[in-house]
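Visitor: Input: one structure, supplied below.
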C-alpha cells in the first residue's frame with residue numbers, strides 16, 4: 001500500500017470514528033432532554049450562597065420548579081450580558097408562566113461581585129433573574145458540583161475571568177437535564193422549558 005493510500009485509509013477511519021462518536025453524543029443528549037430522563041453523570045448538587053438581596057439560599061430553595069443556571073461575572077465584556085439578555089427574552093416570552101421557573105446567575109468572581117454589585121448589574125435584565133455570590137470557597141464548591149470551569153486571568157491593571165458559557169437546565173428535583181440552548185428563537189426556547197414545568 002502506498003503512503004498516500006495509507007493516509008487516506010487512516011483519515012477515513014478517523015472521520016468514521018468521529019461520526020460514530022458524535023452520533024452517540026447527540027443520541028444521548030436527545031434522550032437526556034426528554035422529561036423524566038436521568039443523567040448518568042452527576043451535574044449539580046448542594047450549594048449554599050447569598051443572593052443579590054443578601055439572603056442566604058441553598059439548592060433546596062429552587063426545587064419544585066425547573067431552573068436555569070449560568071456561571072459568569074459582572075465585569076464580563078460579552079458572553080455574560082449576551083447570555084443574560086437571551087435568558088431575559090425567554091422569561092419575557094414565557095409571560096405568566098415565568099413564575100413556574102427560575103434562572104440563576106452565579107458569579108465566578110466573588111472578590112468583586114458582592115450582593116449589591118450583583119443586584120445593580122441584574123437590574124438591566126429580567127427581574128426574575130437571581131444573582132448568587134458567596135465566599136471563594138462557596139463559589140469553588142458550587143462550581144465543582146456543576147462541573148463548571150473558571151479561572152482568574154491576570155491582565156494589565158487587574159484581572160479578568162475565563163469561564164464556561166454553558167447554561168444548565170435543571171429539573172424540578174434539581175437534577176441536570178441538559179445544556180439549555182439559547183441559540184434559537186425565544187419562543188422555541190420557552191416552549192422547550194415549558195416541557196419541564
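Throughout, read-outs are computed from the coordinates displayed, never taken from laboratory work. The structure presented is a predicted model; accordingly, all values stated were derived computationally and were not measured.
Visitor: I need the shape label for the range 48-194. Rule: rounded when a/c is under 1.5, else prolate if a/b > b/c, else oblate, with a, b, c from the alpha carbon gyration tensor.
Guide: Numbers: a/c = 1.62, a/b = 1.41, b/c = 1.15.
Prolate.
Visitor: For the range 145-190, what does the alpha-carbon gyration tensor say about shape, rounded, prolate or oblate, given a ≥ b ≥ c as the root eigenvalues, a/c under 1.5 as rounded, and a/b over b/c as prolate? Mind dumping the intermediate values first?
Guide: On the way: a/c = 4.49, a/b = 1.82, b/c = 2.46.
Cα axes put the range 145-190 in the oblate bin.
Visitor: Looking at the range 48-194, what % of its DSSP beta bridges pair antiparallel, to the nearest 5?
Guide: 65
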